[in-house]
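The values are calculated or read from the model by the stated rules, or taken from the named source; none is laboratory data. These numbers come from a predicted model, not from an experiment. For neighbour counting, all protein chains shown are included, and Cβ atoms are generated from backbone atoms with ideal geometry for every residue, glycine included. Side chains are part of the model used for accessible areas, which takes the heavy atoms of the whole protein and leaves out ligands, DNA and RNA. Shrake-Rupley method; radii C 1.70, N 1.55, O 1.52, S 1.80 Å.
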Amino acid sequence: MILSPSKNPAMTPAKRNFRIKVEKKIASEVRLLKESSRPKIIVKEFTEHPKPSSYYLDKAKQRFNSLKESKSSRLVFSASNRYTLNSSRSRFNSRPKFFKEANSKNTVESIIPNWLQARTDFQESVRNMKANNEKRIPFIVEMEYQTRSAGDKEILREYLKTVKFFEKFPSQVIIDTSNRLIKQEFKENTFIVRKGDDTDSLIIFFQGNARILVDGQIVAYKHPGDVVGDSSLHHRMPRTGDVIADSKCIVFKLLREDYEAAILQIKKEEKRANFEFLSSIPIFKDWKHIKLLRLSNLLNVKQLNSDSTIYKRGDASASMFFIKHGTVNVYAYVPFKQSNKWPVSVNVWRIRQVNKEYLVKIGKLKAGQFFGEVEILKSINRTMKSVTKTECVLLELNKDQLFENLTSSELNTLSLSCYTESCDEGALTQKLNNKITSKVSTENALLDALKADYSSLQGRDSLLDPKLKKISGWLKGYKTRRTESSKSFNKKVVFENSRNLSVAILKHK
């Protein structure tokens, strides 16, 4: 025990510190002796690295399958068992948490602990497993259906669920479709589909990109996950365009007989819903039932996320669109010119010319309205840009089908009922110029009325001037709002260039 300084008043501070060090050393030696006398724990095997994540994944799969196949698990999952979960006397009332999760999610991930899912090596193993499964898909499609394992069938079904065309189809339709796919490969710059050919299959792009041409003009691009030929199959009509591979492509084909057996009924129900939607549009209220039904059968459904560009300036005018759900913004390209001049010497002026092009919103369209017909009726390329504001479901009508099914008087009615008229470029430029001039004039008039010098807001004068000091808070907020407004306005600029000129002024004698 360390002696207290109060019991030995003659001990100096130096002696006391020395005594404390000695006592600490003795106590440390005693602790080491006691530790060394305790029985040792011998570790026979010690792994420096943890087991790979695939080991834990396999264990989780085995546990899931064994519990699901066990007797107690079957009793819990079975709805017809006499031991119901709601029974107060049932011995299965206090079932384990695992059964509740497995019954609701029915996935392996539902029983993998969070600490394992958070490990980077486990996440890497899952990514590698998914990548390997994706590489196996073409080989699975080439295999005979009878020779595919249960795991191969599940991989193929999960892939089809990721294809947007099948995302709302029932599971049984996806299973039937996966059993009927045929694989085919195409080299770069080869024809996948030729215009006028008989439509014999639905084409699903698995790998590679392709372009679609109508009358020699590119109207769309196809990427992995896209499909081609569903509309032609539904109407039993020839191909309406050429599809050319931009790179090496792997596609899966669903033959027409298989398409009709698995998907046609669902597509018919979709067309029936399109007919009811078209019936609610005013321009079609006087159409006969048969004619409107024929037009609704020609529509293609497009599902787009928010902020998706539908078309932009310069694109071919290949189709018009009806908005079934969502909101679409239509923009016009408006040129704008500015020039400033200032003297640089006695008789020389410097002129700066700035040419800009703004993207100005000219229409906000909602469900039940249509767009894209203006350029088609004028037989010109796109002069405007359309972007989805929200998630949208659009019904697309091909240009050729538009002219085939609408008479000249109906086309005239369509042009008079359009929601996005092609605005005059000069009028839009003048409107934009008036907006900018009015905004600047209003800001200057407000500052003049307050007798505030905006440029000296951050200087010493603003601290001394009682008027500026009184409204300094408002002026700072005004400066922030002005900066944000300027940034928002500059985001609408899609093109800009400038040049400087020096002009000499001649003196008249």
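General remarks:
- Among the residues making up the range 221-236, those that are on the phi < 0 side of the Ramachandran plot and in a loop (DSSP other than H, G, I, E, B) are HIS223, PRO224, ASP226.
- Here the condition is being under 19 Å from PRO335 (Cα atoms), open to solvent by 30 Å² or more (accessible area, probe 1.4 Å), out of contact with any strand residue (DSSP E or B) (no Cβ under 6 Å at 6 or more places or on another chain) and not hydroxyl-bearing (Ser, Thr, Tyr); of ASN355, ASN381, ASN412, it holds for ASN381 alone.
- Wholly enclosed helices (runs of 4 or more DSSP H) of the range 110-171 bearing at least 3 residues more than 27 Å from the chain's Cα centre (by Cα) and closer than 30 Å to ILE182 by Cβ: 120-142, 150-162
- Check on ILE137, in contact with a helix residue (DSSP H, G or I) (Cβ under 9 Å, 6 or more places away or on another chain), touching a residue at least 60 places away in the same chain (Cβ under 8 Å), among the hydrophobic types (A, V, I, L, M, F, W, C) and surrounded by fewer than 15 Cβ atoms within 10 Å (Cβ to Cβ): no
- Just one of the listed residues (GLY372, GLY368) is closer than 20 Å to ILE283 by Cα, buried (at least 18 other Cβ atoms within 10 Å of the Cβ) and touching a Phe, Trp or Tyr at 6+ places or on another chain (Cβ under 9 Å), and it is GLY372.
- When LEU292 is tested against (1) modelled with pLDDT under 85; (2) part of a helix (DSSP H, G or I); (3) open to solvent by less than 60 Å² (accessible area, probe 1.4 Å), just one condition goes unmet, and that condition is (1).
- Identity of the residue in the range 171-217, without any contact (Cβ under 8 Å) to a residue 24 or more places away in the chain and not small (Gly, Ala, Ser), that ends up least open to solvent (accessible area, probe 1.4 Å): ILE174
- ILE174 meets the conditions (1) within 16 Å of ASN300 (Cα to Cα); (2) touching a Leu at 6+ places or on another chain (Cβ under 7 Å); (3) β-branched (Val, Ile, Thr) in every case but one. The failed one is (1).
- Some residue of the range 154-165 being closer than 21 Å to LEU298 by Cα, surrounded by 16 or more Cβ atoms within 10 Å (Cβ to Cβ) and in contact with an Asp or Glu (Cβ under 9 Å, 6 or more places away or on another chain): yes
- Exactly one residue among SER317, SER345, SER408, SER386 is farther than 19 Å from ILE283 by Cα, free of Cβ contacts under 8 Å to residues at least 12 places away in the same chain and either out of contact with any helix residue (DSSP H, G or I) (no Cβ under 9 Å at 6 or more places or on another chain) or not charged (D, E, K, R) (or both), and that residue is SER345.
- Among the residues of the range 314-350, those that are assigned to a strand (DSSP E or B), open to solvent by 40 Å² or more (accessible area, probe 1.4 Å) and out of contact with any Asp or Glu (no Cβ under 8 Å at 6 or more places or on another chain) comprise LYS324, TYR331, LYS337, GLN338, SER339, ASN340, LYS341, TRP342, PRO343, VAL348, TRP349, ARG350.
- Qualifying residue in the range 237-244 (condition: among the charged types (D, E, K, R), assigned to a loop (DSSP other than H, G, I, E, B) and in contact with a helix residue (DSSP H, G or I) (Cβ under 7 Å, 6 or more places away or on another chain)): yes
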